[in-house]
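**Q** I have a structure I would like to understand better, so I am pasting it below and will then ask my questions one at a time.
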Amino acid sequence: MGGAVLDVLRAAAESDEGLAAWLKELADAGEPSAAAVLPEADELTEALLDLAVPHEDVNALVALRAHVLGHDDTRWLLGACVDALVRDLGEPGAQPRMPVLPEELGELGSCFYVYVFLAALPYVRAYHRRHGIPEGVARRTLADLGRHMAVHRRGHGGRGVPVPSWHALHFRGELYQLGRLQFQRARLGARMAESVTRAGLRLGPQDLCLSVHIPDFHGPLSPEACDRSVALAREFFPRHFPEERHAVAVCHSWLLDPQLKRYLPADANIVRFQDRFRLATTYGDEEPDDTVPIGFVFGDRDLPVARLPRRTRVERAVGDHLRAGGHWYGGHGWFLL
């Protein structure tokens, strides 16, 4: 399959504009300026475990390494992707597109980006060292790759990286795990900038901010855990990125949908999390996306609504609302740092 990768991608790109644009961007970039070197086979296991890759995936990924390096197509694609990933390293908002590859490529496609991130490791680690990022923070941040591979297995029953572009943030030095929450060095969008301006802050579109993300498999989203994370962020970013000013934290998540308050008590962790933020939008002013909460809560966004379990308050809230004909919306909010 390795020698036919580009043929498969080109065929898929005929009906996928995003994939076609990505292939064109890689080709137009010319000869990569960054080397794409993978750990030797006997060193690969340690590198995978450092990234918290699930143990049941390790042997197969070590074996697949030879296929990635054994064909001109995959070697070229690896080099082009690594070069795009580390270009403008650390610049907020400059991460490249990293589309999900066609199913026809099998595990070579579902796992290909693991090797892209492995080859990018020396670059992001050097960036961390330059900024004095503590080893523990760096390790926990990059281990999010393994966590998402566990998410992929929970939903699909096999190896893979569900949203490759998400991990570009980690391997470009834009996102950091600080306690319960993740914080991304980001820039304000027009909607959020308008909201903070109405509140009297002198910030505009493209000004720096911190974007808050809520990872799974990290225990309860308790107010105490969130307080600790915010306190860590207030100390971490001025220390390691003193040239940047982050006046506000923003969040874009279905967890900020105010409809959740209909189903959850006022002292529920999710409600307490919502209460940290000033909403930047009017409820329901955008298209609903019911698959997002289904995916986060139940592990598979394609599960039929009628069969969603009702084991916890959140499961009952998400499923019962949908079964009653309702929809879920992404929420957008901010708070002062």
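The values are calculated or read from the model by the stated rules, or taken from the named source; none is laboratory data. Quick caveat: nothing in here was measured; it's all calculated off a predicted structure. Reconstructed Cβ throughout: ideal geometry from the backbone, glycine too, with neighbour counts over all protein chains shown.
**Q** Write out, first by first residue and then by second, each pair whose Cβ atoms fall under 6 Å of each other, whose residues are 6+ apart or on separate chains, and whose first residue, in the stretch 132-152, is free of Cβ contacts under 8 Å to residues at least 60 places away in the same chain and over 18 Å from Ile214 (Cβ atoms) while the second is outside any loop (DSSP other than H, G, I, E, B) and not hydrophobic (A, V, I, L, M, F, W, C).
**A** Once the first residue is free of Cβ contacts under 8 Å to residues at least 60 places away in the same chain and over 18 Å from Ile214 (Cβ atoms) and sits in the stretch 132-152, its partners that are outside any loop (DSSP other than H, G, I, E, B) and not hydrophobic (A, V, I, L, M, F, W, C) give Ala138/His128.
**Q** Out of Leu101, Leu49, report the one residue that is in contact (Cβ under 8 Å) with a residue 12 or more places away in the chain and among the hydrophobic types (A, V, I, L, M, F, W, C).
**A** Leu101
**Q** From the list Arg153, Arg125, Arg147, exactly one residue is basic (Lys, Arg), in a helix (DSSP H, G or I) and at pLDDT 95 or above. Which is it?
**A** Selected residue: Arg125, the only one of Arg153, Arg125, Arg147 that is basic (Lys, Arg), in a helix (DSSP H, G or I) and at pLDDT 95 or above.
**Q** Which residue is farthest from the chain's Cα centre (by Cα), if the candidates are limited to the stretch 82-122 and must be at positive phi and either at pLDDT 95 or above or not in a helix (DSSP H, G or I) (or both)?
**A** My answer is Asp88.
**Q** Next question. Glu315 is checked against (1) in contact with a Phe, Trp or Tyr (Cβ under 8 Å, 6 or more places away or on another chain); (2) without any contact (Cβ under 8 Å) to a residue 24 or more places away in the chain; (3) crowded, with 19+ Cβ neighbours inside 10 Å and fails just one. What number does that condition carry?
**A** Looking at each condition in turn, Glu315 falls short on (3).
**Q** Going by the structure shown, is Pro99 surrounded by fewer than 21 Cβ atoms within 10 Å (Cβ to Cβ), out of contact with any Phe, Trp or Tyr (no Cβ under 9 Å at 6 or more places or on another chain) and either of a type outside the set (D, E, K, R) or not assigned by TED's automatic domain parsing to the domain that holds Arg153 (or both)?
**A** no
**Q** Here's something else I'd like to know. Can you go through Ala280, Ala233 and tell me which one is at pLDDT 95 or above, touching a strand residue (DSSP E or B) at 6+ places or on another chain (Cβ under 8 Å) and not assigned by TED's automatic domain parsing to the domain that holds Pro54?
**A** The match here is Ala233.
Here's the yes/no breakdown for (1) closer than 16 Å to Pro92 by Cα; (2) surrounded by fewer than 17 Cβ atoms within 10 Å (Cβ to Cβ):
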{"site": "Phe171", "(1), (2)": "yes, no"}
{"site": "Met192", "(1), (2)": "no, no"}
{"site": "Ser195", "(1), (2)": "no, no"}
{"site": "Ala199", "(1), (2)": "no, yes"}
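**Q** A further question follows. If Leu169 meets every condition in (1) outside the structural domain of Gly132 (by TED's automatic domain parsing); (2) at pLDDT 95 or above apart from one, which number is that one?
**A** Result: Leu169 passes all but (1).
**Q** Among the residues in the stretch 219-239, are any in contact with a Gly (Cβ under 8 Å, 6 or more places away or on another chain), surrounded by 14 or more Cβ atoms within 10 Å (Cβ to Cβ) and part of a strand (DSSP E or B)?
**A** Looking through the stretch 219-239, none of the residues is in contact with a Gly (Cβ under 8 Å, 6 or more places away or on another chain), surrounded by 14 or more Cβ atoms within 10 Å (Cβ to Cβ) and part of a strand (DSSP E or B).
**Q** State all residues of the stretch 12-43 that are in contact (Cβ under 8 Å) with a residue 60 or more places away in the chain, in a helix (DSSP H, G or I) and over 23 Å from the mean Cα position of the chain (by Cα); if no residue qualifies, say none.
**A** Once the filter is applied, which keeps residues that are in contact (Cβ under 8 Å) with a residue 60 or more places away in the chain, in a helix (DSSP H, G or I) and over 23 Å from the mean Cα position of the chain (by Cα), the stretch 12-43 yields only Ala12.
**Q** Does any residue in the stretch 262-273 that is assigned by TED's automatic domain parsing to the domain that holds Trp328 come within less than 7 Å, Cβ to Cβ, of a residue that is among the small types (Gly, Ala, Ser) and not in a loop (DSSP other than H, G, I, E, B) six or more places away or on a different chain, and which pairs are these?
**A** Tyr263/Ala317; Leu264/Ala317
**Q** Ok, one more. If we keep just the residues of the stretch 44-88 that are more than 13 Å from Val116 (Cα to Cα) and polar (S, T, N, Q), which is surrounded by the fewest Cβ atoms within 10 Å (Cβ to Cβ)?
**A** If we take residues in the stretch 44-88 being more than 13 Å from Val116 (Cα to Cα) and polar (S, T, N, Q), then Asn59 is surrounded by the fewest Cβ atoms within 10 Å (Cβ to Cβ).
**Q** Does any residue in the stretch 160-175 that is under 11 Å from Leu85 (Cβ atoms) come within less than 6 Å, Cβ to Cβ, of a residue that is charged (D, E, K, R) and modelled with pLDDT of 90 or more six or more places away or on a different chain, and which pairs are these?
**A** From residues that are under 11 Å from Leu85 (Cβ atoms), the pairs are His170/Asp144.
**Q** For the subset of the stretch 304-335 comprising residues that are touching a Pro at 6+ places or on another chain (Cβ under 8 Å) and assigned to a loop (DSSP other than H, G, I, E, B), which member is farthest from Ala193 (Cα to Cα)?
**A** Result: His327.
So that you can scan it fast, the table gives a plain yes or no per residue for (1) at positive phi; (2) out of contact with any Leu (no Cβ under 8 Å at 6 or more places or on another chain):
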| site | (1), (2) |
| --- | --- |
| Gly132 | yes, yes |
| Gly136 | no, yes |
| Arg140 | no, yes |
| Val161 | no, no |
| Gly200 | yes, yes |
| His218 | no, yes |
| Ser229 | no, no |
| Ala233 | no, no |
| Arg239 | no, yes |
